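S.K.: Can you keep this structure in mind? I'll have questions shortly.
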Amino acid sequence: MIQRLLPSLSLVILFVALSLASPYFLTQTNLSSVVRQTAVINIMALGMTMVIIAGGIDLSVGAILAMAGLLGTMAMEQGYPIPVGVLIGVLTGLFWGFVNGLLITRLKIAPFIVTLGTLGIVRGLTLIISDGLPVHRIPQKFSYLGEGNLLGVPFVLWILVFCAAAVHFLLEHTRLGRYAFAIGSNPEAALYAGVPVAFHTTAVYALCGLLTGLAGMIEASRLMTGQPTAGQGYELQVIAAVVIGGGSLRGGEGSVIGTLIGAFIMGLLSNGSDLLGISPYLQQAIIGAVIILAVTVDELRKRKLAR
Amino acid sequence: MLLELEGIQKRFGGVVALRRGDLRAEAGEVHLLLGENGAGKSTLMKIVAGMVQPDGGVIRWRGQPVSFRAPAEAAAHGIAMVHQESLLAPHLTVAENIFLGREDRLPFGWVNRRRMMERAARLIEEHHFPLQADWRVERLSPAGKQLVEICRAIYHGSSLLIFDEPTSSLSEAETQEVFRIVRTLRERHMGVIYITHRLEELRAVGDRVTILRDGETVHSGPLAGLSTEEIIRHMVGRELEAIYHRECLPPGEELLRVEGLSRRGVLHDIRFTLRAREIVGLAGLVGAGRTELCRALFGLDPVDGGRVFVAGKEVHIRNPRQAVAAGLALIPEDRQRNGLAVLLPIGHNLTHARLKAVSPHGIIDHAAERRTATEFIERLRIRAESWRQLAGKLSGGNQQKVVVGKWLFSQARVFLFDEPTRGIDVAAKAEVFHIMDELARSGAAILMVSSELPELLQVADRILVMRQGRLVVELPRGATQEEVMRHAMLEREAGVRELGS
């Protein structure tokens with residue numbers, strides 16, 4: 001039981017420790033900046049949670065984020081209204097997620113390979129479309145998405161809460177979610193039970209893409225540029241958040257709550273390191289160690305359960 | 001006395017696996033170790049092989065007390081285990097596997113391949129094993145792989161060989177081959193301990209028996225003079241009146257008609273019918289196409305031709321979804337792999353095949369699902385703590401029931417059971433037959449594939465026999481084992497040829 005609670009416990013301990021260690025931690029400015037910083041990873045991680053539960057993985061999310069942000073901001077640069085630009089970004093994500101799902105289910109190639117491939121394709125296309133140059137001429141109002149407040153709370157937090165609730169509902173209360181667990185837990189059994197495996201696998205990747213597209217627009221809004229090089233290495237942070245939160249890369253396990261906790265643990269680690277003046281190089285090493293630690297603890301718990 | 005075990009104890013966490021394991025094995029005899037699933041047989045043998053450390057008791061090897069902290073220590077004393085699931089390196093050759101870890105080394109890590117091949121070939125020839133030293137292990141049949149493990153053990157100078165259910169995945173011919181080898185080992189004055197589930201095998205190989213029940217040795221002695229009924233009584237601790245007995249019912253309307261089903265190289269012009277309230281046995285050697293027939297009917301493999309009618313209506317099944325929709329159910333041989341999501345709760349497993357019934361508009365009605373799950377757990381007497389318990393934590397028999405429950409809920413009417421009793425103990429078998437009988441009584445039609453002929457003969461209303469992808473004969477109830485085997489094998493010689501690739 002203690003091991004199951006470990007992620008949330010570590011989050012609390014981390015929170016308390018940072019409050020004691022730095023006088024700047026427990027300020028509204030700092031906390032809302034933590035929320036804003038983690039929101040992008042967090043929203044992507046929600047999609048990744050579904051993919052990982054269904055026994056898959058998506059390495060292309062960082063690249064998709066960049067293309068979504070780029071195409072969305074380019075639309076605004078062309079004079080389209082902000083909501084249209086955001087919609088274009090989200091649909092770009094949805095499209096590539098759908099492509100991932102189709103390739104995986106039609107070609108029956110391991111998701112790791114397929115998404116490694118689309119990572120390259122999407123990143124390359126993004127650089128070609130933009131000629132490697134970021135988009136800067138964006139309407140000022142667009143910054144509200146990533147930096148604005150609604151009722152005194154960062155707007156991105158509302159988006160995050162809404163997305164988290166939606167994904168939680170999807171996973172726990174709908175057929176799609178149930179099938180995702182079934183497919184991830186035992187794809188053969190799901191097939192034998194007549195579950196439309198290909199359809200639901202594709203749907204899960206498409207949803208992951210959609211959330212990544214949304215995250216791409218938030219990232220663009222925070223930076224106020226459409227960066228073709230945005231999101232490099234995000235896939236690892238996103239996967240780490242899911243895994244720290246108890247998701248199993250073997251499929252069939254994972255939860256929205258766990259992923260949120262995982263993402264916030266990583267957010268606090270990096271924020272805390274900033275506040276305490278720990279070098280960003282060391283930060284990377286710390287996060288790496290945390291991932292291994294989290295998975296080890298989880299494995300030990302499962303092994304105990306298996307007996 | 002080769003090996004003596006006295007009062008061996010072992011607990012895993014809160015679960016007592018062994019209370020008092022006693023066993024005395026002599027050189028030059030085949031010692032059968034019997035017991036239901038969970039009786040502690042495998043644990044006891046893992047202790048002997050050094051894979052598990054006991055909590056109490058004494059192990060004496062050739063009269064000296066010993067304790068093995070690792071499999072290598074047991075191996076150094078001459079104890080080897082042939083595992084149910086092969087522990088070989090599939091991409092290496094037979095010879096390389098035999099010598100794995102003990103290659104003749106030349107300087108700089110070179111391996112003398114030719115010498116190794118020669119020695120392996122000599123070893124194989126000496127024992128008349130149907131193997132070649134340069135065959136790749138992945139291409140061997142399960143029996144062939146076991147032979148390689150036996151070669152390894154002999155080469156390593158073992159004087160006690162432990163077989164953990166060696167024949168559970170073998171065909172009749174292969175089983176005979178394993179028996180022959182076990183007998184040669186006995187003639188060479190080696191000790192053999194043989195764990196098995198198949199009561200029919202006992203007489204063919206055994207000299208002495210030790211029976212475990214709930215972690216305790218309840219009987220030990222010579223096999224001669226011990227009746228099968230007595231053995232079963234020792235194993236289950238109560239009388240099981242005629243486990244396999246079943247009364248046939250007058251069959252009802254035709255539920256499945258197969259006409260000329262073919263798949264090139266695998267199935268040839270298969271024709272048969274199943275009627276309501278019937279259990280039809282499907283016999284044949286491994287590789288005769290029985291599993292392939294089930295898979296083809298269920299839309300898992302494509303077919304080249306033929307028509308299938310369910311309850312009088314022609315259906316075109318190209319994938320399992322369509323099969324489920326047509327009212328078919330397949331209970332595969334490998335439940336853990338194909339039938340069950342072990343990480344998910346029992347309740348979720350039960351509703352998978354017809355989730356729509358408890359999820360109007362795609363939203364799951366948790367209350368309805370719980371009601372369904374509880375109902376099926378009661379109806380099938382699944383021994384579980386609750387409907388939330390993970391399916392993987394159930395015993396084999398109970399897992400089987402969950403799989404059947406899933407199909408009952410899916411409202412299937414034609415059930416294809418592929419080896420439903422493989423790897424489960426006597427009591428669980430009786431329950432599986434009971435479930436099948438109830439299914440038949442409620443109007444289902446059942447096709448049962450089984451390699452356990454005596455079971456098949458007593459449970460089935462009639463028997464279909466397959467040979468090399470063809471249905472060769474239909475035998476009525478009351479057919480003998482010999483008759484079925486004759487049709488299944490015909491002129492084909494038993495043994496040898498099947499073991500190669």
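The values are calculated or read from the model by the stated rules, or taken from the named source; none is laboratory data. Computed from a prediction, not measured in an experiment: that's the story for all the values here. Glycine also receives a Cβ, built like all others from the backbone with ideal geometry; neighbour counts cover every protein chain displayed.
S.K.: Within the stretch B:335-344, can one find any residue that is free of Cβ contacts under 8 Å to residues at least 12 places away in the same chain, at the interface with chain A (Cβ under 7 Å from one of its Cβ atoms) and surrounded by 20 or more Cβ atoms within 10 Å (Cβ to Cβ)?
M.R.: yes
S.K.: When you look at B:PHE298, is it buried (at least 20 other Cβ atoms within 10 Å of the Cβ), under 30 Å from the mean Cα position of the chain (by Cα) and away from every other protein chain (no Cβ under 12 Å), yes or no?
M.R.: no
S.K.: I've got another one for you. I'm told B:HIS352 meets every condition in (1) more than 7 Å from chain A (Cβ to nearest Cβ); (2) modelled with pLDDT under 90 except one. Can you identify the failing condition by its number?
M.R.: (1)
S.K.: Moving to a separate point now. Wholly within the stretch B:113-216, which helices (runs of 4 or more DSSP H) include no fewer than the required count, namely at least 1 residues that are not assigned by TED's automatic domain parsing to the domain that holds B:GLY50?
M.R.: B:113-126, B:142-155
For every residue, the table says whether it meets (1) at pLDDT 85 or above; (2) aliphatic (A, V, I, L, M).
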{"residue": "B:VAL209", "(1), (2)": "yes, yes"}
{"residue": "B:TYR244", "(1), (2)": "no, no"}
{"residue": "B:LEU256", "(1), (2)": "yes, yes"}
{"residue": "B:ASP269", "(1), (2)": "yes, no"}
{"residue": "B:GLU278", "(1), (2)": "yes, no"}
{"residue": "B:LEU285", "(1), (2)": "no, yes"}
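S.K.: Further question on the same structure: From the list B:ILE195, B:ILE181, which one is surrounded by 16 or more Cβ atoms within 10 Å (Cβ to Cβ), in contact with an Asp or Glu (Cβ under 6 Å, 6 or more places away or on another chain) and within 28 Å of B:LEU147 (Cα to Cα)?
M.R.: B:ILE195
S.K.: Can you tell me which condition B:ALA74 does not meet? The list is (1) exposed (fewer than 15 other Cβ atoms within 10 Å of the Cβ); (2) within 30 Å of B:ALA133 (Cα to Cα), and all the others hold.
M.R.: Failing condition for B:ALA74: (1).
S.K.: Is it the case, given these coordinates, that A:GLY85 is over 23 Å from A:PRO134 (Cα atoms) and modelled with pLDDT under 95?
M.R.: So A:GLY85 fails the test.
Here is a yes/no grid of residues against (1) among the hydroxyl-bearing types (Ser, Thr, Tyr); (2) without any contact (Cβ under 8 Å) to a residue 40 or more places away in the chain; (3) buried (at least 20 other Cβ atoms within 10 Å of the Cβ):
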{"residue": "A:THR201", "(1), (2), (3)": "yes, no, yes"}
{"residue": "A:VAL204", "(1), (2), (3)": "no, no, yes"}
{"residue": "A:SER221", "(1), (2), (3)": "yes, no, yes"}
{"residue": "A:GLY251", "(1), (2), (3)": "no, no, yes"}
{"residue": "A:GLY277", "(1), (2), (3)": "no, yes, no"}
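S.K.: A further question follows. Which residue pairs have Cβ atoms closer than 6 Å, lie 6 or more positions apart in sequence or on different chains, and pair a first residue in the stretch B:312-324 that is within 14 Å of chain A (Cβ to nearest Cβ) with a second residue that is among the β-branched types (Val, Ile, Thr) and surrounded by 15 or more Cβ atoms within 10 Å (Cβ to Cβ)?
M.R.: So the pair list comes out as B:VAL315/B:VAL308; B:ALA323/B:ILE317.
S.K.: Something else now. For the stretch A:36-67, which residues satisfy the criterion of being in contact with a strand residue (DSSP E or B) (Cβ under 8 Å, 6 or more places away or on another chain) and modelled with pLDDT of 90 or more?
M.R.: Within the stretch A:36-67, just A:ALA39 meets the criteria.
S.K.: Inspect all residues belonging to the stretch A:217-239 and state whether any of them is of a type in the set (Lys, Arg) and part of a loop (DSSP other than H, G, I, E, B).
M.R.: no
S.K.: Quick check on my filter: what residues within the stretch B:358-377 are of a type outside the set (D, E, K, R) and either free of Cβ contacts under 8 Å to residues at least 12 places away in the same chain or not assigned by TED's automatic domain parsing to the domain that holds B:LYS406 (or both)?
M.R.: Within the stretch B:358-377, B:SER359, B:PRO360, B:HIS361, B:GLY362, B:ILE363, B:ILE364, B:HIS366, B:ALA367, B:ALA368 meet the criteria.
S.K.: Which of the residues spanning the stretch A:180-189 are at the interface with another protein chain (Cβ under 7 Å from one of its Cβ atoms) and either surrounded by fewer than 24 Cβ atoms within 10 Å (Cβ to Cβ) or in a helix (DSSP H, G or I) (or both)?
M.R.: Those that are at the interface with another protein chain (Cβ under 7 Å from one of its Cβ atoms) and either surrounded by fewer than 24 Cβ atoms within 10 Å (Cβ to Cβ) or in a helix (DSSP H, G or I) (or both): A:PHE181, A:ALA182, A:SER185, A:GLU188, A:ALA189.
S.K.: State which residue is nearest to the chain's Cα centre (by Cα) when the search covers only the stretch A:190-206 and only residues that are more than 7 Å from chain B (Cβ to nearest Cβ) and of a type outside the set (A, V, I, L, M).
M.R.: Residue satisfying both the conditions and the ranking: A:TYR205.
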